[in-house]
Amino acid sequence: MSPPLSSPLPISLEEAQARGWDELDIVFISGDAYIDHPSFGVPLLARLLESRGFRVGIIPQPDWRSAEPFRALGRPRLFFAVAGGAMDSMVAHYTPLKKLRRDDSYTPGNRHGSRPNRAVIVYTSCCRAAYKDVPVVIGGIEASLRRFAQYDYWEDAVRRSLLLDAKADLLIYGMGEHPLAELAQRLQKGESFAEIRDIRGTACISRTPPDVRAYDHTPPPHVELPSYEEVRGDKKKYAEAFRLLDGEQNPYSGKIVLQRHGDRFLVCNPPSLPLTTKELDAVYALPFTKGPHPSYTEPIPAWEQIRCSITTHRGCFGGCAFCAITHHQGKFIQSRSQESVLEELRRLTGHPWFKGSVSDLGGPTANMYGLSCGNPAAGEKCRRGSCLFPAVCGNLVTSGKRGAGLLMAARSLAGIKHLTVTSGVRFDLLERQPEYTRELLTHHVGGLLKVAPEHVVPRVTAVMRKPGGESFERFLDLFRKENSRLGKRQAIVPYFISGHPGCTLGDMVELALYLKRHHLRVEQVQDFTPTPGTLATCIYHTGIDPLTGKELYVPRSEKEKNLQKGLLLFHLPEQRRLVLEALKACGREDAAQELLGGIVPPRTGINREGAKVTMKNRRSGR
């Protein structure tokens, strides 16, 4: 079956004119190359607006040193829609140690430098220079997570709302389909930007608090955060602001959130409601070409990685402290229907570059497909940031039958030779999902299964909002038993974080010993980066867990970060010096022989208080 006939959205006036368009309604500005694939936010939203009858174009990675590239599609009739890209531009440009990166996987040729620092601010300024009277709407993950006063790791300072710094007319946060479509349709009907202040999932700047007259319904009550001036000068106020905002993330019960910046208010409406299955199916049925714009002549690594992958759902209820997914996509899982996913797979098999292997069938967490709250009325009032921490919520439906059924149906399609799940799974859910686990390990692991315990010491995993070492132990046993039953030699790829708030050098020694005793090795270590908007970043900046008020240790120096990372890579000869230095620094020279020598003493584990305890010897999960 061939994919439906389609053509990329225009990136030049010539391409727009070839469609018979002499003027565009909306022009998107993107920090990424234009890849017409639903895994990328700007093309997805642009296709959605196209399906609603709007004439839409994209200017990808324009040269920001001049206003002229921002005139490539002419003056948009309604507005510019600006996004920095799939990643925050500062995260894309710099390593956790603030070193300049040399590559950019969202750029042809993997070249660094095709987008500016603080891309949303710079792009908005260029749009104003190109057409000063055209409204500018900002969105994407950079705008979404910086909509309030936020700690910026690269400046080591609290910056004001991005909406003020960019001087945009409106900010859309979250995934954006509902608010962007509503905005375009209301503008089309003749409303002005000044009149549109009540759309869910949007934020604006106002001289006064919300006015009831601006709403076509009774506005929800509001909560006011400590002001920008307060959170900039007082870390306790910053933590208080995070706690208050965290309690308003539920789209069904969240309030309007205000934050003063000088004599103005940032007014943030409640989150947009999750898409229904029917709405999500319609989005993924749009006529994406699935490839980069044909003008590109060099490979784009991000597309190479995802071109044969299928997204089954969005959202994550894990609520990990260091992760922005819940803050951007929401904790309510929005799953596509099985037929929608299978239809996209059928279209995928028609592309000439498809060779029969599907690289991923999943989402932010693959085994959350089809899961939901079993008590919707309670879910709509729920204020928990995680359905899994500190324990699995009793209302959570955790059955993996629907996910297992999708995998079975997908691998049975004509033209599908191999289908793997590479987007990662929650191992603490797998023990509740025997059908999914069996299907996954039997047919969909390409030799290596990615899991992310992140740490095993209880006091550290509690800060991370992760399940901890005991849960990981049970998973290793489950993994070993299933592989033994199947007669397979499969291994896990565990992901761990170094330098996370709450983690000391002594904690990293215990993690390194845990890996040694379980015959596990990590090839790459994620050094913690304080990215905008996350709980862990709040803790990094303030030294306070805003949800408990507890003060926490935070590793900050480059020296300690390198020592923590070196401990996780203890098996590499080039890390030996750092390992010895780290052990000396925390008074754990007693662990040197076990970590660096060939002798492995009786296994020990870690109890809930962080003390070592002897454990019965068991075969490793590898």
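The rows are residues; the columns are (1) within 30 Å of K98 (Cα to Cα); (2) in a loop (DSSP other than H, G, I, E, B).
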| residue | (1), (2) |
| --- | --- |
| A143 | yes, no |
| R147 | yes, yes |
| G174 | yes, yes |
| H178 | no, no |
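Take the conditions of a type outside the set (V, I, T), in a helix (DSSP H, G or I), touching a residue at least 40 places away in the same chain (Cβ under 8 Å) and out of contact with any Phe, Trp or Tyr (no Cβ under 8 Å at 6 or more places or on another chain) and apply them to L547. Does it pass?
No, not satisfied.
For the condition assigned by TED's automatic domain parsing to the domain that holds V27, touching a residue at least 24 places away in the same chain (Cβ under 8 Å) and farther than 27 Å from R314 by Cβ, what is the one hit in F80, F40, F54, F70?
F70
Taking D198, is it touching a Phe, Trp or Tyr at 6+ places or on another chain (Cβ under 8 Å) and modelled with pLDDT under 95?
Yes.
Look at E23 and say whether it is in a loop (DSSP other than H, G, I, E, B) and charged (D, E, K, R).
yes
Return the only residue of G319, G350 being surrounded by fewer than 21 Cβ atoms within 10 Å (Cβ to Cβ) and in a loop (DSSP other than H, G, I, E, B).
G350
Output the residue which, of all residues in segment 201-211 that are of a type outside the set (S, T, N, Q) and surrounded by fewer than 17 Cβ atoms within 10 Å (Cβ to Cβ), is modelled with the highest pLDDT.
The selected residue is R207.
So G394 fits all but one of (1) closer than 30 Å to P352 by Cα; (2) free of Cβ contacts under 8 Å to residues at least 60 places away in the same chain; (3) among the small types (G, A, S); what number is the exception?
(1)
Listed residues G379, G385; which is among the small types (G, A, S), touching a helix residue (DSSP H, G or I) at 6+ places or on another chain (Cβ under 8 Å) and over 26 Å from H443 (Cβ atoms)?
Answer to the selection: G385.
Taking the options T461, T531, T442, name whichever one is touching a His at 6+ places or on another chain (Cβ under 7 Å) and hydroxyl-bearing (S, T, Y).
That would be T461, the only listed residue that is touching a His at 6+ places or on another chain (Cβ under 7 Å) and hydroxyl-bearing (S, T, Y).
Looking at this structure, is R111 on the phi < 0 side of the Ramachandran plot and over 22 Å from the mean Cα position of the chain (by Cα)?
Considered against the rule, which asks whether it is on the phi < 0 side of the Ramachandran plot and over 22 Å from the mean Cα position of the chain (by Cα), R111 comes out as yes.
Select from segment 221-234 the residues that are charged (D, E, K, R), in contact (Cβ under 8 Å) with a residue 12 or more places away in the chain and surrounded by 17 or more Cβ atoms within 10 Å (Cβ to Cβ) and list them in ascending order.
Scanning segment 221-234 gives a single hit, R232.
Among the basic types (K, R), within 28 Å of F528 (Cβ to Cβ) and either touching a helix residue (DSSP H, G or I) at 6+ places or on another chain (Cβ under 7 Å) or free of Cβ contacts under 8 Å to residues at least 24 places away in the same chain (or both) - does that describe any residue in segment 326-338?
No, every residue in segment 326-338 fails to be among the basic types (K, R), within 28 Å of F528 (Cβ to Cβ) and either touching a helix residue (DSSP H, G or I) at 6+ places or on another chain (Cβ under 7 Å) or free of Cβ contacts under 8 Å to residues at least 24 places away in the same chain (or both).
Residue check: is L520 buried (at least 17 other Cβ atoms within 10 Å of the Cβ) and at negative phi?
Against the criterion (buried (at least 17 other Cβ atoms within 10 Å of the Cβ) and at negative phi), L520 qualifies.
Residues checked against (1) crowded, with 23+ Cβ neighbours inside 10 Å; (2) in a loop (DSSP other than H, G, I, E, B); (3) basic (K, R); (4) at pLDDT 95 or above:
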position: P4; (1), (2), (3), (4): no, yes, no, no
position: L9; (1), (2), (3), (4): yes, yes, no, yes
position: G74; (1), (2), (3), (4): no, yes, no, yes
position: F80; (1), (2), (3), (4): yes, no, no, yes
position: G109; (1), (2), (3), (4): no, no, no, yes
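To keep it simple, each residue is scored yes or no on (1) in a loop (DSSP other than H, G, I, E, B); (2) surrounded by fewer than 16 Cβ atoms within 10 Å (Cβ to Cβ); (3) at pLDDT below 55.
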site	(1), (2), (3)
K561	no, no, no
Q564	no, no, no
A582	no, no, no
D590	no, yes, no
E594	no, no, no
I599	yes, yes, yes
E609	yes, yes, yes
V613	no, yes, yes
G621	yes, no, yes
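Mind checking which residues of segment 503-544 are outside any helix (DSSP H, G or I), over 21 Å from L97 (Cα atoms) and modelled with pLDDT under 95?
H518, H519, L520, R521 - these are the residues of segment 503-544 that are outside any helix (DSSP H, G or I), over 21 Å from L97 (Cα atoms) and modelled with pLDDT under 95.
Which residue out of A410, A377, A414 is loosely packed, with under 15 Cβ neighbours inside 10 Å, more than 30 Å from I539 (Cβ to Cβ) and in contact (Cβ under 8 Å) with a residue 12 or more places away in the chain?
One residue alone meets the criteria, A414.
The values are calculated or read from the model by the stated rules, or taken from the named source; none is laboratory data. The structure presented is a predicted model; accordingly, all values stated were derived computationally and were not measured. Heads up, the Cβs are rebuilt from the backbone with ideal geometry, glycines too, and the neighbour counts pull from every protein chain shown.
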